[in-house]
Amino acid sequence: MHLSSYRPARVLVRFMTVALVLALCALGGTPASAQSKYASIVIDAGNGEVLYRANADDPKYPASLTKMMTLYLTFEALQKKRIKLGQYLTISRKAASQPPTKLNLKAGRKIRVEHAILGLVTKSANDAAMVLAEGIGGSEARFARMMNQKAKRLGMMRTTFRNPSGLPDSDQVTTARDLATLANALIRDYPKFYPYFSRANFTYQGVQHPNHNRLMEIYQGMDGLKTGYIRASGFNLAASAVRDGRRLIAIVMGGDTPGWRDEHMAELMDQGFATPRTPAPLVASRRAPALPTRKPETGIEVANIEELSDGDQIAALTANLAPTSASLSSSAAAAEVPNTAGWGVQIGAFGDPDAGRRALADVARRMPTLLASAYPQMLPITTGSGRLFRARLMGLDESMARTVCGSLAQTGEDCLTVAP
């Protein structure tokens, strides 16, 4: 039996009911202390499109979804050969004393890295999470700093980690959107290790531990990721599924019961797969598109306050964003243009040149001082899909170009540095 066999009408009714309930709660002005733990998001991993979201940017407790970051750092260490799957890590007293769920590891003994990984993805073992944290970071505190640094690099700007397991800590918070970003990064960056998340069970020292994500057994195409629960969070689930070559990633947080959480996840996934596919954006990037994020609110620095008031420089740059039709239609311009303008950045390739100009203008308005010496280029190219226009800001040095792309990456936007 597949949960995906729900009749579309039933799925749609339930989907709309959830949205209506959430809207009514919002209109009712529920005090912050009594607000729902619920949040969710569904994205298309192929193009980063958000198909559904509810409270996706509200701070929530991740519970054991935290372990996805612990595993991300573990996979990174494996890929960089800092550790090996067959390597044995010593179990400290602190690791052995972690509260359940756990593998009941004994202090002073050792466990293989691969067994610790499997303990996380199936049993959600807190003691195994601590072993990995101490083995990779040297201490829990240092590993937590590594988690936070990686979160910021991935664009998880509303996430703070304090421990590797997700055990209760009032300062350990995240959002559904940030967790979708993390899930997407795990699948994108470590395809060799991602199959661990689909492991149905794991036997350690004669005890079999089934995977807590029971939805994988009955939902067509689901191949990972992770469950989580503490009292403050409710029942959480990060999941990914593939159908007809299309991968969706979904996060559900704050379920009242595991059953409701799983059924709701299936409904959101079904609705997501029923949504017509949007073609992936044609951008010059070697990596999968990042999950779009909201524009930063006050307090999230993208440009300095002094830069934001420099309207003259914005106007000077954006006034040049409309190249003549003759220049764009000439056969010479349609060819690859050698870069003699120093470094630059490319923020995308657009079928509509006006869309490219608007995108350039938006970046220029947000970083006017940094881009004071830049000038725009719209380079037309011909592809099998038709004509595209590469939107670039040129006239930068290497440091400036990398700073611009770094700032855009923090908000989930595509950017490619263009070398001379």
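The values are calculated or read from the model by the stated rules, or taken from the named source; none is laboratory data. Just so you know, these numbers come straight off a predicted model, no measurement behind them. Backbone-built Cβ (ideal geometry, glycine too); neighbour counts: all protein chains shown.
So which residues in region 70-100 are assigned to a loop (DSSP other than H, G, I, E, B) and hydrophobic (A, V, I, L, M, F, W, C), if there are any at all? Step through it out loud before you land on a result.
The initial filter retains those residues of region 70-100 that are assigned to a loop (DSSP other than H, G, I, E, B), namely 80-87, 91-92, 97-100.
Residues satisfying the conditions are Ile83, Leu85, Ile91.
Residues in region 250-263 that are more than 17 Å from Thr66 (Cβ to Cβ) and within 20 Å of the chain's Cα centre (by Cα): how many?
1
Confirm whether Ala125 is among the small types (Gly, Ala, Ser), within 24 Å of Gly224 (Cα to Cα) and touching a helix residue (DSSP H, G or I) at 6+ places or on another chain (Cβ under 6 Å). Walk me through how you get there before you give the answer.
Details: among the small types (Gly, Ala, Ser): yes; within 24 Å of Gly224 (Cα to Cα): yes; touching a helix residue (DSSP H, G or I) at 6+ places or on another chain (Cβ under 6 Å): yes.
When the stated conditions are applied, Ala125 passes them.
Filter region 106-127 down to the residues that are more than 29 Å from the chain's Cα centre (by Cα) and either part of a helix (DSSP H, G or I) or of a type in the set (Gly, Ala, Ser) (or both), then identify the one that is farthest from Asn213 (Cα to Cα).
Looking at the filtered set, the residue picked out is Gly108.
Please specify each residue of region 155-164 satisfying the condition of being at pLDDT below 95 and either closer than 18 Å to Gly234 by Cα or in contact with a strand residue (DSSP E or B) (Cβ under 8 Å, 6 or more places away or on another chain) (or both). Reasoning before the result, please.
So the first thing to find is which residues in region 155-164 are at pLDDT below 95, and the list is 155-158.
If the condition is that a residue be at pLDDT below 95 and either closer than 18 Å to Gly234 by Cα or in contact with a strand residue (DSSP E or B) (Cβ under 8 Å, 6 or more places away or on another chain) (or both), then Met156, Arg158 are the ones that fit.
What number of residues within region 358-407 satisfy the criterion of being part of a helix (DSSP H, G or I), of a type in the set (A, V, I, L, M) and out of contact with any Phe, Trp or Tyr (no Cβ under 9 Å at 6 or more places or on another chain)?
So the first thing to find is which residues in region 358-407 are part of a helix (DSSP H, G or I), and the list is 358-366, 398-407.
Going one step further and asking which of them are of a type in the set (A, V, I, L, M), we end up with 359-361, 363-364, 400-401, 404.
Cutting the leftovers down to out of contact with any Phe, Trp or Tyr (no Cβ under 9 Å at 6 or more places or on another chain) gives us 360-361, 363-364, 404.
Number of matching residues: 5.
Here are some conditions: (1) within 28 Å of Arg214 (Cα to Cα); (2) free of Cβ contacts under 8 Å to residues at least 60 places away in the same chain. Glu134 meets all but one. Which one does it not meet?
(1)
Quickly run through region 206-224 and pick out the residues that are closer than 16 Å to Ala116 by Cα and crowded, with 22+ Cβ neighbours inside 10 Å.
Within region 206-224, the first condition is being closer than 16 Å to Ala116 by Cα, and the residues that meet it are 206-212.
Answer for region 206-224, where residues must be closer than 16 Å to Ala116 by Cα and crowded, with 22+ Cβ neighbours inside 10 Å: just Asn211.
Hey, Thr278 hits all of (1) over 17 Å from the mean Cα position of the chain (by Cα); (2) modelled with pLDDT of 80 or more but one; which does it fall short on?
Every condition holds for Thr278 apart from (2).
Only one of (1) at pLDDT 95 or above; (2) surrounded by fewer than 24 Cβ atoms within 10 Å (Cβ to Cβ); (3) out of contact with any Lys or Arg (no Cβ under 7 Å at 6 or more places or on another chain) fails for Gly86. Which number is that?
Among (1) at pLDDT 95 or above; (2) surrounded by fewer than 24 Cβ atoms within 10 Å (Cβ to Cβ); (3) out of contact with any Lys or Arg (no Cβ under 7 Å at 6 or more places or on another chain), the lone unmet condition for Gly86 is (3).
Evaluate region 35-55: report whether one residue or more is outside any loop (DSSP other than H, G, I, E, B), of a type in the set (Lys, Arg) and either outside the structural domain of Thr257 (by TED's automatic domain parsing) or at pLDDT 95 or above (or both).
If we filter region 35-55 for residues that are outside any loop (DSSP other than H, G, I, E, B), which is where we start, we get 39-44, 50-54.
Within this subset, residues satisfying the condition of being of a type in the set (Lys, Arg) are 53.
So of that shortlist, the ones also either outside the structural domain of Thr257 (by TED's automatic domain parsing) or at pLDDT 95 or above (or both) come out as none.
No: zero hits.
So if I check each of Val252, Val173, which one is aliphatic (A, V, I, L, M), modelled with pLDDT of 95 or more, surrounded by fewer than 22 Cβ atoms within 10 Å (Cβ to Cβ) and not assigned by TED's automatic domain parsing to the domain that holds Ser407? Break it down into steps so the answer makes sense when it comes.
Working: Val252 fails: surrounded by fewer than 22 Cβ atoms within 10 Å (Cβ to Cβ).
Exactly one residue qualifies, and that residue is Val173.
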